[in-house]
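Working notes, beginning with the structure itself.
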Amino acid sequence: MVSYRLEKMNEALKTTIAQIIVKSVKDPRIGFVTVTHVNVARDLKSARVYISQIGSEQDKNRSLEALQHAASFIQHEAGQQLRLRYTPKMSFILDHNPDYAQKITTLLEQIHQHESE
């Protein structure tokens with residue numbers, strides 16, 4: 001079970017990281033990226049940042065690579081904005097759940113159309 005403190009940290013980091021990516025990270029490899037959720041470890045030393053992006057796998061991989069490259073900058077900025085004594089080390093991971101949800105929706109629509117005929 002995730003404690004209230006961790007849940008609050010996850011949400012604060014999610015919002016802050018999203019703002020930093022949009023406003024401060026100026027890497028042209030980063031497309032329209034959405035931070036879907038953040039999981040901070042119980043010891044607050046590391047955080048997994050899940051992102052999603054619309055586009056090809058190549059675009060997604062380029063954005064992920066650019067974010068990994070900018071991770072220390074994002075970590076520093078998040079620590080300053082949230083006034084944390086220790087900012088978790090961030091690793092960025094592609095979140096495939098939105099793609100999976102879209103695939104399920106498309107399949108359900110096809111089934112519904114097939115039943116209508």
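Throughout, read-outs are computed from the coordinates displayed, never taken from laboratory work. Everything numeric here is computed off the predicted structure, so don't read it as measured data. Positions of Cβ are backbone-derived with ideal geometry, glycine not excepted, and every protein chain shown enters the neighbour counts.
Does residue 21 satisfy the criteria of being touching a residue at least 40 places away in the same chain (Cβ under 8 Å) and within 14 Å of residue 93 (Cβ to Cβ)?
Working: touching a residue at least 40 places away in the same chain (Cβ under 8 Å): yes; within 14 Å of residue 93 (Cβ to Cβ): no.
No.
Kindly evaluate residue 75 against the criterion of being assigned to a helix (DSSP H, G or I), touching a residue at least 24 places away in the same chain (Cβ under 8 Å) and within 18 Å of residue 30 (Cα to Cα). In short, no.
Looking across the stretch 38-87, the residues that are of a type in the set (Asp, Glu) and surrounded by fewer than 12 Cβ atoms within 10 Å (Cβ to Cβ) come down to 43, 57.
Here is the figure for the stretch 10-28: residues that are loosely packed, with under 15 Cβ neighbours inside 10 Å and of a type in the set (Lys, Arg) total 2. Residue 37 meets all of the listed conditions (1) closer than 16 Å to residue 9 by Cα; (2) in contact (Cβ under 8 Å) with a residue 24 or more places away in the chain; (3) out of contact with any Phe, Trp or Tyr (no Cβ under 6 Å at 6 or more places or on another chain) but one, namely (3). Kindly evaluate residue 16 against the criterion of being in contact (Cβ under 8 Å) with a residue 60 or more places away in the chain and in contact with a Phe, Trp or Tyr (Cβ under 6 Å, 6 or more places away or on another chain). Considered against the rule, which asks whether it is in contact (Cβ under 8 Å) with a residue 60 or more places away in the chain and in contact with a Phe, Trp or Tyr (Cβ under 6 Å, 6 or more places away or on another chain), residue 16 comes out as no.
A single entry from 56, 63 fulfils the requirement of being closer than 15 Å to residue 22 by Cβ and either of a type in the set (Lys, Arg) or without any contact (Cβ under 8 Å) to a residue 40 or more places away in the chain (or both): 63.
Please go through the stretch 32-57 and pick out each residue that is over 18 Å from residue 100 (Cα atoms) and outside any strand (DSSP E or B). Within the stretch 32-57, 32, 41, 42, 43, 44, 45 qualify. In summary, residue 6 fulfils each of the numbered conditions (1) of a type in the set (A, V, I, L, M, F, W, C); (2) free of Cβ contacts under 8 Å to residues at least 60 places away in the same chain; (3) closer than 26 Å to residue 65 by Cβ with the single exception of condition (3).
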